[in-house]
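The values are calculated or read from the model by the stated rules, or taken from the named source; none is laboratory data. It should be emphasised that the depicted structure is a prediction, and the values quoted were computed from it without experimental measurement. Here the Cβ positions follow ideal geometry from the backbone for every residue, glycine too, while neighbour counts run over all protein chains shown. Accessible surface areas use protein heavy atoms only, side chains included; no ligands, DNA or RNA. Shrake-Rupley method; radii C 1.70, N 1.55, O 1.52, S 1.80 Å.
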Amino acid sequence: YGNGLVYPYSESAADVTDQLEAELKAHGIKIRTGYEVKTAEALGGACSTGGTDGAAGTEEAAGFVINGKLKCRYLVLALGGKAGPAFGCLGDGYRLSRSFGHSVVTPVPILTPVEIKDFGKSGLSGIRAKGSAILLKDGTEVFREDGEIQFTKFGL
């Protein structure tokens with residue numbers, strides 16, 4: 001779109017997930033889903049700047065343990081933010097990221113709904129389009145945002 005965002009041709013987030021899973025499987029990487037991660041710890045030298053050769057200098061010593069019992073050689077943190085509690089994104093990823101020494105900037109909301117009275121009758125719910133949102137004060141433009149607009153049953 002020219003605004004730094006990249007979307008799949010289908011514009012479906014599910015296609016991104018499907019492609020990632022296909023690539024992981026093609027490389028023999030096991031995928032585990034439906035598992036709530038409460039804690040994750042590095043074993044050996046897994047997070048040291050000296051590589052992943054482990055505390056004792058052996059490959060076996062490095063890796064990660066999740067919830068104190070599930071061990072893995074590599075760990076990818078793809079945790080989401082706080083915007084999707086219905087999908088299990090409660091902000092726990094920030095805590096996990098910090099536990100590995102990552103810095104986390106203060107999260108701020110990036111999507112803000114605009115509710116429009118009786119908009120549900122418009123028939124536009126579910127449609128996305130490129131457009132502009134313009135804030136006027138006394139007829140003068142004070143802010144403008146260009147990008148994608150998602151129409152919902154209650155507004156934009």
Revision key, fill the gap. Under 5 Å from the placed amide H of residue 40, counting only residues 5+ away or on other chains, we find 67
Practice item. Can you tell me which of 70-78, 23-31 comes out highest on packing, and rank the rest after it, using the mean Cβ neighbours within 10 Å? Key: 70-78, 23-31
Study note, to complete from the structure: Rounded to one decimal in nm, the spacing of the 7 Å Cα→Cβ label points at residue 92 and residue 116 is 3.8
Point to revise | residue 69 accessible area, 1.4 Å probe, all protein chains in place, Å² to nearest 10 | key: 150
Point to revise | Vicinal HN-Hα couplings computed from phi for the stretch 15-23 (Karplus, 6.51 cos²θ - 1.76 cosθ + 1.60; Hz; Gly/Pro x) | key: 5, 5, 4, 4, 5, 4, 4, 5, 5
Revision key, fill the gap. Going residue by residue through the stretch 93-110, the Karplus relation 6.51 cos²θ - 1.76 cosθ + 1.60 with θ = phi - 60° gives ³J(HN,Hα) values, rounded to whole Hz and with x marking Gly or Pro, of x, 5, 5, 4, 4, 5, 5, 9, x, 6, 8, 10, 6, 4, x, 10, x, 10
Exercise for review: Take 118, 15 and sort them by solvent-accessible surface of the protein heavy atoms, 1.4 Å probe, largest at the top.
Suggested key: 118, 15
Practice item. Leaving ligands, DNA and RNA out of it, report the carbon-plus-sulfur percent of the accessible area of the stretch 113-156 at a 1.4 Å probe. Key: 56
Exercise for review: Give me the lysines in straight-line cross-link reach of residue 71: C-alpha distance below 17 Å, same-chain residues under 8 apart excluded.
Suggested key: 30, 38
Point to revise | Length released on extending from residue 31 to residue 18, taking residue separation times 0.36 nm less the Cα-Cα span | key: 3.5 nm
Practice item. Please arrange 36, 21 by accessible surface area, largest first, computed with a 1.4 Å probe and ligands excluded. Key: 36, 21
